[in-house]
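*Asks:* Before anything else, here's the structure in question.
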Amino acid sequence: MSSVDENIFVTKSGISVEAPSTFSASNVMKRLLIVVAAMVLIAFAMATVIGLRMSNINFYWYSPLANLYSLAIAGFIFSRFVFSLIYRTPKDVGITPSVSIIITAFNEEDAIYRTVECCYAIDYPKRLYDVIVVDDGSTDATVAEVRRAQERWPNLKLHVFERNKGKREAMAAGAYDSTGEILVYVDSDSFVKKDGVHKIVQGFADLRVAAVAGHTEVANVTENSLTKMQQARYYVAFRVIKAAESIFGTVTCCPGCFSAYRRSCVMEVLEPWLGQHFLGIQATFGDDRSLTNYLLRKYRVIYAADAVATTIVPERHKQFLKQQLRWKKSWFRETLIAATFMWKKHPFAAIAFYAQLLFPIIAPILILRICLWLPVAHGDFVSPVIYLLGTVMIGLMFSGYYLFWKNDRYWIYGLYFTLYYLIFLVWQMPYAIATQRDNRWGTR
(Lines give C-alpha, C1' and ligand atoms only; values in the text may rest on other atoms or scores of the structure.)
Protein backbone atom coordinates (compact mmCIF):
# COMPACT_ATOMS: atom_id res chain seq x y z
CA MET A 1 0.00 0.00 0.00
CA SER A 2 2.95 2.36 0.42
CA SER A 3 3.02 2.96 -3.30
CA VAL A 4 -0.66 3.58 -3.90
CA ASP A 5 -1.75 6.82 -5.49
CA GLU A 6 -3.51 9.48 -3.40
CA ASN A 7 -6.66 8.97 -5.46
CA ILE A 8 -7.06 5.36 -4.34
CA PHE A 9 -9.76 4.57 -1.76
CA VAL A 10 -10.18 1.31 0.08
CA THR A 11 -13.79 0.24 -0.29
CA LYS A 12 -15.84 -2.67 0.95
CA SER A 13 -15.00 -4.73 -2.09
CA GLY A 14 -11.30 -3.98 -1.96
CA ILE A 15 -9.14 -1.30 -3.52
CA SER A 16 -10.64 0.82 -6.24
CA VAL A 17 -8.95 3.56 -8.20
CA GLU A 18 -10.67 6.82 -8.93
CA ALA A 19 -10.61 7.76 -12.60
CA PRO A 20 -7.75 10.16 -13.30
CA SER A 21 -8.68 13.74 -14.03
CA THR A 22 -8.54 14.77 -17.66
CA PHE A 23 -8.75 18.21 -19.16
CA SER A 24 -10.06 17.52 -22.66
CA ALA A 25 -12.42 20.06 -24.15
CA SER A 26 -15.32 17.58 -24.02
CA ASN A 27 -14.78 16.92 -20.32
CA VAL A 28 -14.54 20.61 -19.56
CA MET A 29 -17.75 21.27 -21.48
CA LYS A 30 -19.50 18.38 -19.73
CA ARG A 31 -18.40 19.69 -16.34
CA LEU A 32 -19.56 23.20 -17.25
CA LEU A 33 -22.99 21.93 -18.30
CA ILE A 34 -23.33 19.97 -15.05
CA VAL A 35 -22.40 23.04 -12.99
CA VAL A 36 -24.92 25.17 -14.87
CA ALA A 37 -27.60 22.49 -14.42
CA ALA A 38 -26.86 22.29 -10.69
CA MET A 39 -27.07 26.08 -10.33
CA VAL A 40 -30.37 26.16 -12.21
CA LEU A 41 -31.71 23.37 -10.01
CA ILE A 42 -30.66 25.17 -6.83
CA ALA A 43 -32.04 28.50 -8.04
CA PHE A 44 -35.37 26.94 -9.03
CA ALA A 45 -35.73 25.12 -5.72
CA MET A 46 -34.79 28.21 -3.70
CA ALA A 47 -37.19 30.43 -5.66
CA THR A 48 -40.01 27.95 -5.11
CA VAL A 49 -39.31 27.72 -1.38
CA ILE A 50 -39.18 31.51 -1.09
CA GLY A 51 -42.47 31.77 -2.96
CA LEU A 52 -44.07 29.27 -0.60
CA ARG A 53 -42.71 31.13 2.41
CA MET A 54 -44.30 34.35 1.14
CA SER A 55 -47.66 32.68 1.70
CA ASN A 56 -46.58 32.06 5.29
CA ILE A 57 -46.02 35.79 5.65
CA ASN A 58 -49.20 36.84 3.89
CA PHE A 59 -51.38 34.49 5.92
CA TYR A 60 -49.25 34.56 9.06
CA TRP A 61 -51.99 35.31 11.59
CA TYR A 62 -54.24 32.51 10.38
CA SER A 63 -51.81 30.04 11.94
CA PRO A 64 -48.94 31.95 13.57
CA LEU A 65 -47.07 29.04 15.16
CA ALA A 66 -47.11 26.84 12.05
CA ASN A 67 -46.14 29.75 9.82
CA LEU A 68 -43.37 30.79 12.19
CA TYR A 69 -41.99 27.26 12.10
CA SER A 70 -42.05 27.18 8.29
CA LEU A 71 -40.29 30.54 8.04
CA ALA A 72 -37.72 29.61 10.68
CA ILE A 73 -36.77 26.28 9.15
CA ALA A 74 -36.43 27.83 5.69
CA GLY A 75 -34.22 30.56 7.15
CA PHE A 76 -32.13 27.98 8.97
CA ILE A 77 -31.56 25.88 5.85
CA PHE A 78 -30.69 28.91 3.72
CA SER A 79 -28.24 30.10 6.40
CA ARG A 80 -26.47 26.71 6.36
CA PHE A 81 -25.95 26.97 2.60
CA VAL A 82 -24.68 30.55 2.85
CA PHE A 83 -22.24 29.78 5.66
CA SER A 84 -21.03 26.63 3.91
CA LEU A 85 -20.01 28.79 0.94
CA ILE A 86 -18.06 31.08 3.27
CA TYR A 87 -16.34 28.12 4.96
CA ARG A 88 -12.70 27.41 4.21
CA THR A 89 -10.85 24.26 5.23
CA PRO A 90 -7.93 24.78 7.67
CA LYS A 91 -4.89 26.14 5.87
CA ASP A 92 -2.05 23.71 5.29
CA VAL A 93 0.75 25.29 7.32
CA GLY A 94 2.94 22.19 7.21
CA ILE A 95 2.81 21.21 10.88
CA THR A 96 3.55 17.54 11.71
CA PRO A 97 2.77 16.87 15.37
CA SER A 98 3.21 13.36 16.71
CA VAL A 99 0.07 11.30 16.18
CA SER A 100 -1.45 8.21 17.72
CA ILE A 101 -4.04 6.57 15.46
CA ILE A 102 -6.55 4.67 17.58
CA ILE A 103 -8.85 2.07 16.03
CA THR A 104 -11.62 0.70 18.24
CA ALA A 105 -13.06 -2.58 16.99
CA PHE A 106 -15.93 -4.94 17.75
CA ASN A 107 -16.71 -7.85 15.41
CA GLU A 108 -15.17 -6.26 12.32
CA GLU A 109 -13.28 -9.23 10.89
CA ASP A 110 -14.14 -8.28 7.30
CA ALA A 111 -12.80 -4.72 7.45
CA ILE A 112 -10.24 -4.35 10.24
CA TYR A 113 -7.20 -5.47 8.25
CA ARG A 114 -7.93 -2.96 5.48
CA THR A 115 -8.47 -0.24 8.07
CA VAL A 116 -5.03 -0.91 9.56
CA GLU A 117 -3.54 -1.13 6.07
CA CYS A 118 -4.83 2.36 5.24
CA CYS A 119 -3.43 3.76 8.48
CA TYR A 120 0.05 2.52 7.60
CA ALA A 121 -0.24 3.80 4.02
CA ILE A 122 -0.66 7.46 4.99
CA ASP A 123 1.68 10.18 3.79
CA TYR A 124 3.06 11.11 7.20
CA PRO A 125 6.54 10.73 8.72
CA LYS A 126 6.77 7.16 10.03
CA ARG A 127 8.63 8.22 13.16
CA LEU A 128 5.84 10.60 14.10
CA TYR A 129 2.89 8.23 14.32
CA ASP A 130 1.88 4.91 15.80
CA VAL A 131 -1.24 2.78 15.41
CA ILE A 132 -3.20 1.25 18.29
CA VAL A 133 -6.07 -1.22 17.95
CA VAL A 134 -8.36 -1.78 20.93
CA ASP A 135 -10.60 -4.82 20.55
CA ASP A 136 -13.79 -4.49 22.56
CA GLY A 137 -14.36 -8.17 23.29
CA SER A 138 -15.02 -9.34 19.72
CA THR A 139 -16.50 -12.80 19.29
CA ASP A 140 -15.47 -13.25 15.65
CA ALA A 141 -12.04 -13.31 13.98
CA THR A 142 -11.27 -9.61 14.50
CA VAL A 143 -8.35 -10.28 16.86
CA ALA A 144 -6.92 -12.91 14.49
CA GLU A 145 -7.04 -10.36 11.66
CA VAL A 146 -5.22 -7.78 13.76
CA ARG A 147 -2.55 -10.34 14.70
CA ARG A 148 -2.17 -11.06 10.99
CA ALA A 149 -1.65 -7.32 10.49
CA GLN A 150 1.01 -7.35 13.24
CA GLU A 151 3.04 -9.80 11.18
CA ARG A 152 3.27 -7.14 8.48
CA TRP A 153 3.54 -4.15 10.85
CA PRO A 154 5.29 -5.35 14.04
CA ASN A 155 4.89 -1.93 15.71
CA LEU A 156 1.10 -2.22 15.65
CA LYS A 157 -0.20 -2.23 19.23
CA LEU A 158 -3.16 -4.40 20.21
CA HIS A 159 -5.27 -4.33 23.37
CA VAL A 160 -7.91 -7.02 23.80
CA PHE A 161 -10.79 -6.71 26.27
CA GLU A 162 -11.87 -10.07 27.64
CA ARG A 163 -15.50 -8.95 27.46
CA ASN A 164 -17.40 -6.24 25.64
CA LYS A 165 -17.17 -2.98 27.62
CA GLY A 166 -18.40 -0.51 25.03
CA LYS A 167 -16.75 1.83 22.56
CA ARG A 168 -16.15 4.55 25.17
CA GLU A 169 -13.97 2.26 27.27
CA ALA A 170 -12.07 1.21 24.16
CA MET A 171 -11.50 4.82 23.13
CA ALA A 172 -10.26 5.65 26.63
CA ALA A 173 -7.89 2.67 26.68
CA GLY A 174 -6.35 3.87 23.44
CA ALA A 175 -5.99 7.40 24.83
CA TYR A 176 -4.26 6.17 27.99
CA ASP A 177 -1.80 4.11 25.95
CA SER A 178 -1.11 6.83 23.40
CA THR A 179 1.99 8.98 23.18
CA GLY A 180 1.09 11.31 20.30
CA GLU A 181 0.22 14.96 20.72
CA ILE A 182 -2.82 14.32 18.52
CA LEU A 183 -5.21 11.39 18.85
CA VAL A 184 -6.74 10.33 15.54
CA TYR A 185 -9.73 8.03 16.02
CA VAL A 186 -10.73 5.80 13.12
CA ASP A 187 -13.62 3.33 13.15
CA SER A 188 -12.72 -0.26 12.35
CA ASP A 189 -14.81 -0.15 9.16
CA SER A 190 -13.40 3.17 7.92
CA PHE A 191 -10.54 3.83 5.52
CA VAL A 192 -8.40 6.98 5.66
CA LYS A 193 -7.17 8.59 2.46
CA LYS A 194 -3.38 8.83 2.14
CA ASP A 195 -3.18 12.54 2.93
CA GLY A 196 -6.02 12.41 5.48
CA VAL A 197 -3.91 12.55 8.64
CA HIS A 198 -1.68 15.34 7.33
CA LYS A 199 -4.76 17.36 6.39
CA ILE A 200 -6.64 16.83 9.63
CA VAL A 201 -3.79 17.87 11.94
CA GLN A 202 -3.38 21.25 10.24
CA GLY A 203 -6.34 22.58 12.21
CA PHE A 204 -4.36 22.23 15.43
CA ALA A 205 -2.09 25.10 14.42
CA ASP A 206 -4.78 27.15 16.17
CA LEU A 207 -4.12 26.51 19.86
CA ARG A 208 -7.78 27.16 20.66
CA VAL A 209 -8.80 24.06 18.68
CA ALA A 210 -9.31 20.87 20.69
CA ALA A 211 -10.83 18.68 17.98
CA VAL A 212 -11.14 18.44 14.21
CA ALA A 213 -13.81 16.45 12.39
CA GLY A 214 -12.66 14.84 9.17
CA HIS A 215 -14.83 14.43 6.08
CA THR A 216 -16.45 11.03 5.59
CA GLU A 217 -18.00 9.50 2.49
CA VAL A 218 -19.51 6.08 1.83
CA ALA A 219 -17.19 3.19 0.92
CA ASN A 220 -19.92 0.76 -0.15
CA VAL A 221 -21.87 3.39 -2.08
CA THR A 222 -22.58 1.16 -5.09
CA GLU A 223 -24.34 -1.59 -3.12
CA ASN A 224 -27.95 -0.40 -3.37
CA SER A 225 -30.24 2.63 -3.22
CA LEU A 226 -29.92 2.83 0.58
CA THR A 227 -26.14 3.22 0.48
CA LYS A 228 -26.40 5.72 -2.38
CA MET A 229 -28.86 7.72 -0.31
CA GLN A 230 -26.43 7.74 2.59
CA GLN A 231 -23.64 8.98 0.32
CA ALA A 232 -25.73 12.04 -0.60
CA ARG A 233 -26.76 12.54 3.01
CA TYR A 234 -23.21 12.22 4.36
CA TYR A 235 -21.89 14.78 1.90
CA VAL A 236 -24.54 17.37 2.71
CA ALA A 237 -24.30 16.72 6.47
CA PHE A 238 -20.56 17.34 6.39
CA ARG A 239 -20.10 19.88 3.62
CA VAL A 240 -23.12 22.01 4.57
CA ILE A 241 -23.97 21.51 8.26
CA LYS A 242 -20.49 20.90 9.71
CA ALA A 243 -18.95 23.51 7.41
CA ALA A 244 -21.42 26.11 8.67
CA GLU A 245 -20.73 25.15 12.30
CA SER A 246 -16.97 25.19 11.73
CA ILE A 247 -16.93 28.89 10.88
CA PHE A 248 -17.72 29.59 14.55
CA GLY A 249 -15.68 26.70 15.96
CA THR A 250 -18.85 24.96 17.15
CA VAL A 251 -18.96 21.62 15.32
CA THR A 252 -21.26 19.61 17.58
CA CYS A 253 -20.09 16.10 16.68
CA CYS A 254 -16.72 14.75 15.61
CA PRO A 255 -17.74 11.42 14.05
CA GLY A 256 -16.03 8.19 14.99
CA CYS A 257 -15.30 7.40 11.34
CA PHE A 258 -12.39 9.86 11.26
CA SER A 259 -11.71 12.63 13.76
CA ALA A 260 -8.72 14.06 15.62
CA TYR A 261 -8.31 15.42 19.14
CA ARG A 262 -5.60 17.30 21.00
CA ARG A 263 -4.47 14.70 23.54
CA SER A 264 -3.91 17.18 26.37
CA CYS A 265 -7.50 18.41 26.02
CA VAL A 266 -8.90 14.88 25.96
CA MET A 267 -7.02 13.95 29.13
CA GLU A 268 -8.65 16.92 30.90
CA VAL A 269 -12.12 15.44 30.40
CA LEU A 270 -11.43 11.71 30.14
CA GLU A 271 -12.60 10.69 33.61
CA PRO A 272 -15.92 12.61 33.66
CA TRP A 273 -16.56 11.49 30.07
CA LEU A 274 -16.01 7.85 31.04
CA GLY A 275 -18.35 8.15 33.99
CA GLN A 276 -21.12 10.07 32.21
CA HIS A 277 -24.68 9.29 33.32
CA PHE A 278 -27.99 10.62 32.00
CA LEU A 279 -31.34 10.14 33.74
CA GLY A 280 -29.55 7.90 36.22
CA ILE A 281 -28.30 5.52 33.50
CA GLN A 282 -24.71 5.24 32.29
CA ALA A 283 -24.25 6.66 28.80
CA THR A 284 -23.20 3.74 26.59
CA PHE A 285 -23.43 5.16 23.07
CA GLY A 286 -23.07 8.53 21.37
CA ASP A 287 -19.47 8.47 22.61
CA ASP A 288 -18.06 10.67 19.85
CA ARG A 289 -20.76 13.34 20.20
CA SER A 290 -20.36 13.23 23.98
CA LEU A 291 -16.58 13.70 23.84
CA THR A 292 -17.05 16.59 21.42
CA ASN A 293 -19.50 18.15 23.87
CA TYR A 294 -17.05 17.96 26.76
CA LEU A 295 -14.42 19.76 24.69
CA LEU A 296 -16.81 22.28 23.16
CA ARG A 297 -17.45 23.83 26.56
CA LYS A 298 -13.97 25.32 26.65
CA TYR A 299 -12.40 24.98 23.20
CA ARG A 300 -13.09 25.35 19.48
CA VAL A 301 -14.09 22.31 17.42
CA ILE A 302 -13.75 22.60 13.63
CA TYR A 303 -14.16 20.61 10.41
CA ALA A 304 -11.53 19.78 7.77
CA ALA A 305 -13.28 19.16 4.45
CA ASP A 306 -10.10 18.01 2.71
CA ALA A 307 -9.25 15.35 5.33
CA VAL A 308 -11.14 12.43 3.83
CA ALA A 309 -12.03 8.89 4.84
CA THR A 310 -14.63 6.44 3.58
CA THR A 311 -16.75 4.19 5.79
CA ILE A 312 -19.00 1.17 5.40
CA VAL A 313 -22.64 2.10 6.03
CA PRO A 314 -25.71 -0.10 6.66
CA GLU A 315 -26.99 -1.89 3.57
CA ARG A 316 -30.30 -3.08 5.02
CA HIS A 317 -33.16 -0.84 6.10
CA LYS A 318 -33.62 -2.59 9.45
CA GLN A 319 -29.96 -2.08 10.36
CA PHE A 320 -30.04 1.50 9.12
CA LEU A 321 -33.16 2.40 11.11
CA LYS A 322 -31.68 0.92 14.29
CA GLN A 323 -28.51 2.97 13.75
CA GLN A 324 -30.54 6.12 13.20
CA LEU A 325 -32.57 5.53 16.37
CA ARG A 326 -29.39 5.13 18.40
CA TRP A 327 -27.99 8.32 16.89
CA LYS A 328 -31.20 10.21 17.70
CA LYS A 329 -31.06 9.09 21.31
CA SER A 330 -27.51 10.36 21.72
CA TRP A 331 -28.34 13.51 19.74
CA PHE A 332 -31.19 14.35 22.08
CA ARG A 333 -29.12 13.68 25.21
CA GLU A 334 -26.07 15.60 24.10
CA THR A 335 -28.03 18.47 22.56
CA LEU A 336 -29.86 19.04 25.84
CA ILE A 337 -26.50 19.07 27.63
CA ALA A 338 -24.96 21.43 25.07
CA ALA A 339 -27.97 23.73 25.46
CA THR A 340 -26.64 24.65 28.92
CA PHE A 341 -23.55 26.35 27.47
CA MET A 342 -24.05 27.04 23.75
CA TRP A 343 -25.58 30.44 24.57
CA LYS A 344 -22.02 31.56 25.39
CA LYS A 345 -20.88 31.01 21.80
CA HIS A 346 -21.16 33.40 18.86
CA PRO A 347 -24.78 34.64 18.52
CA PHE A 348 -25.17 33.18 15.01
CA ALA A 349 -23.91 29.80 16.23
CA ALA A 350 -26.12 29.89 19.32
CA ILE A 351 -29.29 30.81 17.42
CA ALA A 352 -28.69 28.05 14.86
CA PHE A 353 -28.00 25.54 17.62
CA TYR A 354 -31.19 26.19 19.55
CA ALA A 355 -33.19 26.22 16.33
CA GLN A 356 -31.70 22.86 15.41
CA LEU A 357 -32.72 21.58 18.84
CA LEU A 358 -36.36 22.56 18.39
CA PHE A 359 -36.99 21.64 14.75
CA PRO A 360 -36.72 17.81 14.99
CA ILE A 361 -38.88 17.77 18.12
CA ILE A 362 -41.62 19.96 16.64
CA ALA A 363 -41.56 18.37 13.17
CA PRO A 364 -43.67 15.24 13.93
CA ILE A 365 -46.36 17.37 15.58
CA LEU A 366 -46.43 19.82 12.69
CA ILE A 367 -46.61 17.08 10.06
CA LEU A 368 -49.51 15.39 11.84
CA ARG A 369 -51.33 18.72 12.02
CA ILE A 370 -50.79 19.61 8.37
CA CYS A 371 -51.20 16.20 6.77
CA LEU A 372 -53.84 14.68 9.04
CA TRP A 373 -55.66 17.18 11.24
CA LEU A 374 -56.23 19.91 8.65
CA PRO A 375 -57.62 17.60 5.93
CA VAL A 376 -59.81 15.61 8.35
CA ALA A 377 -61.04 18.39 10.63
CA HIS A 378 -61.14 21.31 8.22
CA GLY A 379 -61.21 19.77 4.75
CA ASP A 380 -57.94 21.57 3.96
CA PHE A 381 -56.14 19.52 1.33
CA VAL A 382 -54.07 22.45 0.03
CA SER A 383 -51.79 22.78 3.07
CA PRO A 384 -50.46 19.18 2.83
CA VAL A 385 -49.68 19.70 -0.86
CA ILE A 386 -47.83 22.96 -0.15
CA TYR A 387 -45.90 21.35 2.69
CA LEU A 388 -44.88 18.35 0.58
CA LEU A 389 -43.90 20.63 -2.30
CA GLY A 390 -41.70 22.67 0.01
CA THR A 391 -40.08 19.50 1.35
CA VAL A 392 -39.37 18.25 -2.16
CA MET A 393 -37.83 21.61 -3.10
CA ILE A 394 -35.53 21.50 -0.09
CA GLY A 395 -34.49 18.01 -1.14
CA LEU A 396 -33.75 19.32 -4.63
CA MET A 397 -31.60 22.07 -3.11
CA PHE A 398 -29.53 19.45 -1.32
CA SER A 399 -29.32 17.37 -4.49
CA GLY A 400 -28.28 20.37 -6.56
CA TYR A 401 -25.59 21.27 -4.05
CA TYR A 402 -24.25 17.72 -4.17
CA LEU A 403 -24.26 17.75 -7.99
CA PHE A 404 -22.46 21.11 -8.09
CA TRP A 405 -19.54 19.88 -5.98
CA LYS A 406 -19.40 16.14 -6.53
CA ASN A 407 -20.42 15.81 -10.19
CA ASP A 408 -21.55 12.18 -9.94
CA ARG A 409 -24.76 10.24 -10.46
CA TYR A 410 -25.68 10.00 -6.79
CA TRP A 411 -26.99 13.57 -6.61
CA ILE A 412 -30.64 12.56 -7.02
CA TYR A 413 -30.45 10.53 -3.82
CA GLY A 414 -30.44 13.77 -1.85
CA LEU A 415 -34.11 14.02 -2.76
CA TYR A 416 -34.56 10.35 -1.89
CA PHE A 417 -33.19 10.99 1.60
CA THR A 418 -35.52 13.95 2.13
CA LEU A 419 -38.56 11.81 1.34
CA TYR A 420 -37.17 8.88 3.36
CA TYR A 421 -36.74 11.20 6.33
CA LEU A 422 -40.29 12.51 5.99
CA ILE A 423 -41.82 9.04 5.74
CA PHE A 424 -39.68 7.12 8.25
CA LEU A 425 -36.97 8.92 10.18
CA VAL A 426 -38.92 11.91 11.49
CA TRP A 427 -41.15 9.57 13.54
CA GLN A 428 -38.17 8.09 15.36
CA MET A 429 -37.59 11.25 17.38
CA PRO A 430 -40.60 10.93 19.73
CA TYR A 431 -39.70 7.28 20.31
CA ALA A 432 -36.03 8.16 20.93
CA ILE A 433 -37.07 10.74 23.53
CA ALA A 434 -39.50 8.34 25.21
CA THR A 435 -36.89 5.53 25.42
CA GLN A 436 -33.89 7.53 26.61
CA ARG A 437 -33.31 5.10 29.48
CA ASP A 438 -32.97 2.16 27.11
CA ASN A 439 -29.25 2.27 26.40
CA ARG A 440 -28.89 -0.96 24.44
CA TRP A 441 -26.72 -0.62 21.35
CA GLY A 442 -29.42 -1.90 19.01
CA THR A 443 -27.28 -3.12 16.09
CA ARG A 444 -25.01 -5.54 17.87
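The values are calculated or read from the model by the stated rules, or taken from the named source; none is laboratory data. These figures come from a predicted structure and were not determined experimentally. As a convention, Cβ positions derive from the backbone with ideal geometry for all residues, glycine included, and neighbour counts pool all protein chains shown. Accessible surface is based on the protein model in full, side chains and every heavy atom, while ligands, DNA and RNA are left aside. Shrake-Rupley method; radii C 1.70, N 1.55, O 1.52, S 1.80 Å.
*Asks:* Is it true that some residue in segment 150-167 is in contact with a Gly (Cβ under 9 Å, 6 or more places away or on another chain), under 29 Å from Gly275 (Cα atoms) and surrounded by 24 or more Cβ atoms within 10 Å (Cβ to Cβ)?
*Replies:* No: zero hits.
*Asks:* Here is a follow-up. Let me confirm something: among Tyr176, Tyr113, Tyr124, which residue is among the aromatic types (Phe, Trp, Tyr) and closer than 27 Å to Ala283 by Cβ? If you could, list the steps in order and put the result at the bottom.
*Replies:* Details: Tyr113 fails: closer than 27 Å to Ala283 by Cβ; Tyr124 fails: closer than 27 Å to Ala283 by Cβ.
Exactly one of Tyr176, Tyr113, Tyr124 is among the aromatic types (Phe, Trp, Tyr) and closer than 27 Å to Ala283 by Cβ, namely Tyr176.
*Asks:* Please enumerate the residues belonging to segment 176-202 that are buried (at least 22 other Cβ atoms within 10 Å of the Cβ) and of a type in the set (Gly, Ala, Ser).
*Replies:* Across segment 176-202, the qualifying residues are Ser178, Ser188, Ser190, Gly196.
*Asks:* Given segment 86-203, what helices (runs of 4 or more DSSP H) lie entirely inside it while holding 3 or more residues that are more than 28 Å from Asn220 (Cβ to Cβ) and in contact with a His (Cβ under 7 Å, 6 or more places away or on another chain)?
*Replies:* Working: elements: 112-120, 142-152, 167-177, 196-201.
Correct list: empty, since no element meets the threshold.
*Asks:* List the residue pairs whose Cβ atoms are under 6 Å apart, where the first residue sits in segment 358-382 and is free of Cβ contacts under 8 Å to residues at least 60 places away in the same chain, the second is outside any loop (DSSP other than H, G, I, E, B), and the two are 6 or more positions apart or on different chains.
*Replies:* Pairs found: Cys371/Pro384; Leu374/Ser383; Asp380/Leu374; Phe381/Pro375.
*Asks:* Could I ask something else about it? Here are the criteria: (1) touching a helix residue (DSSP H, G or I) at 6+ places or on another chain (Cβ under 9 Å); (2) over 18 Å from Lys228 (Cβ atoms); (3) free of Cβ contacts under 8 Å to residues at least 24 places away in the same chain. Tell me which single one Asp408 does not satisfy.
*Replies:* (2)
*Asks:* Has segment 63-76 got any residue that is open to solvent by 40 Å² or more (accessible area, probe 1.4 Å), part of a loop (DSSP other than H, G, I, E, B), free of Cβ contacts under 8 Å to residues at least 40 places away in the same chain and of a type outside the set (A, V, I, L, M)?
*Replies:* no
*Asks:* Quick check on this structure: which one of Ala175, Ala170 is in contact (Cβ under 8 Å) with a residue 60 or more places away in the chain and over 25 Å from Arg300 (Cβ atoms)? Walk me through it before giving the result.
*Replies:* Numbers: Ala175 fails: over 25 Å from Arg300 (Cβ atoms).
After applying the criteria, what remains is Ala170.
*Asks:* Then there is this: Which pairs do you get when a residue that is touching a residue at least 24 places away in the same chain (Cβ under 8 Å), found in segment 305-318, comes within reach of a residue that is of a type in the set (Val, Ile, Thr) and surrounded by fewer than 16 Cβ atoms within 10 Å (Cβ to Cβ), reach meaning Cβ atoms under 9 angstrom, with the pair 6+ apart or on two chains?
*Replies:* Listed by first residue and then by second, the contacts come to Pro314/Thr443.
*Asks:* Hey, among Gly137, Gly166, which residue is on the phi > 0 side of the Ramachandran plot and modelled with pLDDT under 95? Show your work before the answer.
*Replies:* Details: Gly137 fails: modelled with pLDDT under 95.
Being on the phi > 0 side of the Ramachandran plot and modelled with pLDDT under 95 holds for just one of Gly137, Gly166, which is Gly166.
*Asks:* Leu279 - would you say it is surrounded by fewer than 18 Cβ atoms within 10 Å (Cβ to Cβ), at pLDDT below 95 and out of contact with any His (no Cβ under 7 Å at 6 or more places or on another chain)? Write out each step before concluding.
*Replies:* On the way: surrounded by fewer than 18 Cβ atoms within 10 Å (Cβ to Cβ): yes; at pLDDT below 95: yes; out of contact with any His (no Cβ under 7 Å at 6 or more places or on another chain): yes.
Judged against the criteria, Leu279 is a match.
*Asks:* Out of all the residues in segment 306-331, which are over 22 Å from Thr216 (Cβ atoms) and among the hydrophobic types (A, V, I, L, M, F, W, C)? Even if it seems obvious, please write down each step before you answer.
*Replies:* We begin by selecting, within segment 306-331, every residue over 22 Å from Thr216 (Cβ atoms); these are 318.
Scanning segment 306-331 gives no hits.
*Asks:* Here is a follow-up. Look through Met29, Met39 and report the one residue that is farther than 30 Å from Ala307 by Cβ, modelled with pLDDT of 85 or more and either open to solvent by 50 Å² or more (accessible area, probe 1.4 Å) or in a loop (DSSP other than H, G, I, E, B) (or both). Don't jump to the end; show me each part of the working.
*Replies:* Working: Met39 fails: farther than 30 Å from Ala307 by Cβ.
Residue meeting the stated conditions: Met29.
*Asks:* Criterion first (under 27 Å from the mean Cα position of the chain (by Cα), at pLDDT 90 or above and open to solvent by 40 Å² or more (accessible area, probe 1.4 Å)) does Thr89 satisfy it?
*Replies:* Working: under 27 Å from the mean Cα position of the chain (by Cα): yes; at pLDDT 90 or above: yes; open to solvent by 40 Å² or more (accessible area, probe 1.4 Å): yes.
Taking the combined requirement at face value, the residue satisfies it.
*Asks:* Turning to a different aspect of this structure: For segment 239-266, give me each residue that is closer than 16 Å to Tyr410 by Cβ and either small (Gly, Ala, Ser) or buried (at least 21 other Cβ atoms within 10 Å of the Cβ) (or both). Reasoning before the result, please.
*Replies:* Going through segment 239-266, the residues closer than 16 Å to Tyr410 by Cβ turn out to be 239-240.
Across segment 239-266, the qualifying residue is only Val240.
*Asks:* I'd like the full set of residues that are open to solvent by less than 20 Å² (accessible area, probe 1.4 Å) and of a type in the set (Val, Ile, Thr), limited to segment 393-444.
*Replies:* Thr418, Val426
*Asks:* All but one of (1) open to solvent by 40 Å² or more (accessible area, probe 1.4 Å); (2) in contact (Cβ under 8 Å) with a residue 24 or more places away in the chain; (3) β-branched (Val, Ile, Thr); (4) part of a helix (DSSP H, G or I) hold for Val269, so report the exception by its number.
*Replies:* Result: Val269 fails condition (1) only.
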